[in-house]
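**Student:** Mind having a look at this structure? Questions to follow.
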Amino acid sequence: MRRPLTYAAGLALVVTSLVGLAGCGQPEVAPTDDGTVSVPIQPTITPYETGAPSADPSEAVPGGAFDLEAMLTTQSCEQSGGVWSYAGSFANTTAEQLDIGVAISLVSTTDLDVLTVHEVDLAVPPNETVPVEAAAFYTSQDVDPATVQCLTGVTEKGH
(Lines give C-alpha, C1' and ligand atoms only; values in the text may rest on other atoms or scores of the structure.)
Protein backbone atom coordinates (compact mmCIF):
# COMPACT_ATOMS: atom_id res chain seq x y z
CA MET A 1 0.00 0.00 0.00
CA ARG A 2 1.27 3.44 -0.89
CA ARG A 3 1.71 6.07 1.69
CA PRO A 4 -0.18 9.42 1.46
CA LEU A 5 3.13 11.24 1.24
CA THR A 6 3.96 9.44 -2.03
CA TYR A 7 0.66 10.55 -3.58
CA ALA A 8 1.19 14.13 -2.44
CA ALA A 9 4.73 14.17 -3.86
CA GLY A 10 3.50 12.75 -7.18
CA LEU A 11 0.70 15.30 -7.38
CA ALA A 12 3.08 18.16 -6.63
CA LEU A 13 5.43 16.94 -9.36
CA VAL A 14 2.59 16.78 -11.94
CA VAL A 15 1.27 20.26 -11.01
CA THR A 16 4.77 21.75 -11.18
CA SER A 17 5.34 20.19 -14.61
CA LEU A 18 2.03 21.48 -15.97
CA VAL A 19 2.66 25.01 -14.70
CA GLY A 20 6.12 24.94 -16.25
CA LEU A 21 4.76 23.78 -19.62
CA ALA A 22 1.91 26.30 -19.57
CA GLY A 23 4.32 29.21 -19.37
CA CYS A 24 6.75 27.79 -21.90
CA GLY A 25 7.10 29.88 -25.06
CA GLN A 26 4.42 32.43 -24.20
CA PRO A 27 5.07 36.15 -24.64
CA GLU A 28 4.94 38.48 -21.68
CA VAL A 29 1.40 39.71 -21.05
CA ALA A 30 0.83 43.46 -20.92
CA PRO A 31 -2.67 44.69 -19.85
CA THR A 32 -4.21 47.65 -21.69
CA ASP A 33 -5.90 50.69 -20.10
CA ASP A 34 -9.27 48.94 -19.96
CA GLY A 35 -7.77 45.87 -18.29
CA THR A 36 -7.79 43.48 -21.25
CA VAL A 37 -4.75 41.46 -22.18
CA SER A 38 -3.50 41.20 -25.77
CA VAL A 39 -1.13 38.36 -26.60
CA PRO A 40 0.38 37.94 -30.08
CA ILE A 41 -0.32 34.62 -31.76
CA GLN A 42 2.48 32.12 -31.27
CA PRO A 43 2.15 29.44 -33.97
CA THR A 44 3.54 26.15 -32.81
CA ILE A 45 2.46 23.98 -35.75
CA THR A 46 3.30 24.58 -39.38
CA PRO A 47 0.11 24.42 -41.52
CA TYR A 48 -0.15 21.46 -43.87
CA GLU A 49 -0.89 22.38 -47.50
CA THR A 50 -3.92 20.34 -48.58
CA GLY A 51 -4.48 21.74 -52.07
CA ALA A 52 -2.47 21.03 -55.16
CA PRO A 53 -0.38 23.94 -56.43
CA SER A 54 -2.12 25.81 -59.21
CA ALA A 55 -0.61 26.20 -62.66
CA ASP A 56 -1.56 27.96 -65.86
CA PRO A 57 -3.05 25.15 -67.97
CA SER A 58 -2.17 26.86 -71.24
CA GLU A 59 1.57 26.78 -70.55
CA ALA A 60 3.70 23.78 -71.40
CA VAL A 61 4.90 21.86 -68.37
CA PRO A 62 7.63 19.25 -67.91
CA GLY A 63 6.74 16.26 -70.03
CA GLY A 64 5.21 18.39 -72.79
CA ALA A 65 1.63 18.55 -71.42
CA PHE A 66 -0.48 21.55 -72.42
CA ASP A 67 -4.12 22.63 -72.58
CA LEU A 68 -5.66 21.43 -75.83
CA GLU A 69 -8.94 23.19 -75.01
CA ALA A 70 -7.17 26.56 -75.32
CA MET A 71 -6.43 25.72 -78.98
CA LEU A 72 -10.14 25.24 -79.78
CA THR A 73 -12.24 28.20 -80.87
CA THR A 74 -16.03 27.88 -81.07
CA GLN A 75 -17.74 30.02 -83.71
CA SER A 76 -21.25 28.62 -83.18
CA CYS A 77 -23.24 25.90 -81.46
CA GLU A 78 -26.87 26.46 -82.26
CA GLN A 79 -30.09 24.87 -83.45
CA SER A 80 -32.31 25.62 -86.38
CA GLY A 81 -35.65 23.86 -86.69
CA GLY A 82 -34.73 21.45 -83.86
CA VAL A 83 -31.41 20.42 -85.48
CA TRP A 84 -28.19 21.30 -83.62
CA SER A 85 -24.90 22.05 -85.41
CA TYR A 86 -21.43 23.04 -84.23
CA ALA A 87 -18.74 25.07 -86.02
CA GLY A 88 -15.29 25.98 -84.75
CA SER A 89 -11.58 25.68 -85.45
CA PHE A 90 -8.55 24.06 -83.84
CA ALA A 91 -5.16 25.79 -84.03
CA ASN A 92 -2.21 23.45 -83.48
CA THR A 93 0.49 25.74 -82.10
CA THR A 94 2.98 22.90 -81.57
CA ALA A 95 5.75 21.58 -83.80
CA GLU A 96 4.15 18.10 -83.96
CA GLN A 97 1.01 16.70 -85.53
CA LEU A 98 -1.82 16.26 -83.04
CA ASP A 99 -4.42 13.50 -83.32
CA ILE A 100 -7.32 14.82 -81.27
CA GLY A 101 -10.93 14.19 -80.39
CA VAL A 102 -13.26 17.16 -79.90
CA ALA A 103 -16.28 16.28 -77.73
CA ILE A 104 -19.36 18.46 -78.16
CA SER A 105 -21.97 18.09 -75.42
CA LEU A 106 -25.43 19.56 -75.00
CA VAL A 107 -26.33 19.91 -71.31
CA SER A 108 -29.64 21.01 -69.84
CA THR A 109 -29.11 24.05 -67.60
CA THR A 110 -32.24 23.24 -65.59
CA ASP A 111 -31.27 19.76 -64.32
CA LEU A 112 -27.69 19.25 -65.70
CA ASP A 113 -28.92 16.31 -67.78
CA VAL A 114 -26.58 15.50 -70.70
CA LEU A 115 -28.72 15.43 -73.85
CA THR A 116 -25.99 14.20 -76.18
CA VAL A 117 -22.23 13.92 -76.64
CA HIS A 118 -20.81 13.96 -80.16
CA GLU A 119 -17.09 13.45 -80.92
CA VAL A 120 -15.16 14.67 -83.94
CA ASP A 121 -11.73 13.08 -84.58
CA LEU A 122 -9.08 15.18 -86.33
CA ALA A 123 -5.44 14.96 -87.38
CA VAL A 124 -4.03 18.48 -87.15
CA PRO A 125 -0.65 19.18 -88.80
CA PRO A 126 1.93 21.23 -86.87
CA ASN A 127 1.35 24.99 -86.81
CA GLU A 128 -1.91 24.73 -88.78
CA THR A 129 -5.55 25.56 -88.08
CA VAL A 130 -8.32 23.20 -89.21
CA PRO A 131 -12.11 23.57 -89.10
CA VAL A 132 -14.10 21.58 -86.54
CA GLU A 133 -17.61 20.91 -87.79
CA ALA A 134 -20.49 18.77 -86.59
CA ALA A 135 -23.51 19.42 -88.79
CA ALA A 136 -26.81 18.06 -87.47
CA PHE A 137 -25.22 16.25 -84.52
CA TYR A 138 -28.46 16.33 -82.47
CA THR A 139 -32.12 16.58 -83.40
CA SER A 140 -35.02 17.30 -81.07
CA GLN A 141 -38.08 19.49 -81.48
CA ASP A 142 -38.70 19.40 -77.69
CA VAL A 143 -35.49 21.14 -76.57
CA ASP A 144 -35.69 24.86 -75.79
CA PRO A 145 -32.32 26.41 -76.83
CA ALA A 146 -32.57 28.83 -73.89
CA THR A 147 -32.31 25.88 -71.45
CA VAL A 148 -29.33 24.15 -73.10
CA GLN A 149 -25.61 24.87 -72.90
CA CYS A 150 -23.07 23.65 -75.45
CA LEU A 151 -19.84 22.40 -73.82
CA THR A 152 -16.65 21.24 -75.52
CA GLY A 153 -13.60 19.23 -74.52
CA VAL A 154 -10.46 18.17 -76.39
CA THR A 155 -8.38 15.04 -75.84
CA GLU A 156 -5.24 13.83 -77.54
CA LYS A 157 -5.80 10.48 -79.27
CA GLY A 158 -2.14 9.68 -79.91
CA HIS A 159 -1.42 8.82 -76.25
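**Student:** Out of the residues in segment 95-115 meeting the condition of being exposed (fewer than 15 other Cβ atoms within 10 Å of the Cβ) and of a type in the set (Val, Ile, Thr), tell me which one is farthest from residue 146 (Cα to Cα).
**Tutor:** 114
**Student:** Another question about this same structure. Right, residue 146: closer than 16 Å to residue 76 by Cα and aliphatic (A, V, I, L, M) or not? Even if it seems obvious, please write down each step before you answer.
**Tutor:** Values: closer than 16 Å to residue 76 by Cα: yes; aliphatic (A, V, I, L, M): yes.
Spelling it out, residue 146 is indeed closer than 16 Å to residue 76 by Cα and aliphatic (A, V, I, L, M).
**Student:** Would you check which residues across segment 82-94 are assigned to a strand (DSSP E or B) and over 22 Å from residue 149 (Cβ atoms) and list them?
**Tutor:** From segment 82-94, those assigned to a strand (DSSP E or B) are 83-91; that's our starting set.
Within segment 82-94, 91 is the sole residue that qualifies.
**Student:** May I ask you to say which residue of 94, 109, 155, 139 is of a type in the set (S, T, N, Q) and in contact with a Ser or Thr (Cβ under 7 Å, 6 or more places away or on another chain)?
**Tutor:** That would be 109, the only listed residue that is of a type in the set (S, T, N, Q) and in contact with a Ser or Thr (Cβ under 7 Å, 6 or more places away or on another chain).
**Student:** Further question on the same structure: State all residues of segment 130-149 that are open to solvent by less than 90 Å² (accessible area, probe 1.4 Å) and within 23 Å of residue 67 (Cβ to Cβ); if no residue qualifies, say none.
**Tutor:** 130, 131, 132, 134
**Student:** Another one. Looking at (1) of a type in the set (Val, Ile, Thr); (2) modelled with pLDDT of 95 or more; (3) under 17 Å from residue 156 (Cβ atoms), which one does residue 74 not meet, given that it meets all the others?
**Tutor:** Result: residue 74 fails condition (3) only.
**Student:** Quick one: in segment 128-159, which of the residues that are part of a loop (DSSP other than H, G, I, E, B) and modelled with pLDDT under 95 is farthest from residue 82 (Cα to Cα)?
**Tutor:** 159
The values are calculated or read from the model by the stated rules, or taken from the named source; none is laboratory data. Every value quoted in this text rests on a predicted model; they were computed, and no experiment measured them. Neighbour counts run over all protein chains shown; Cβ positions are idealised from the backbone, glycine included. For the accessible areas, the whole protein counts, side chains as well, though only heavy atoms, and no ligand, DNA or RNA atoms are used. Shrake-Rupley method; radii C 1.70, N 1.55, O 1.52, S 1.80 Å.
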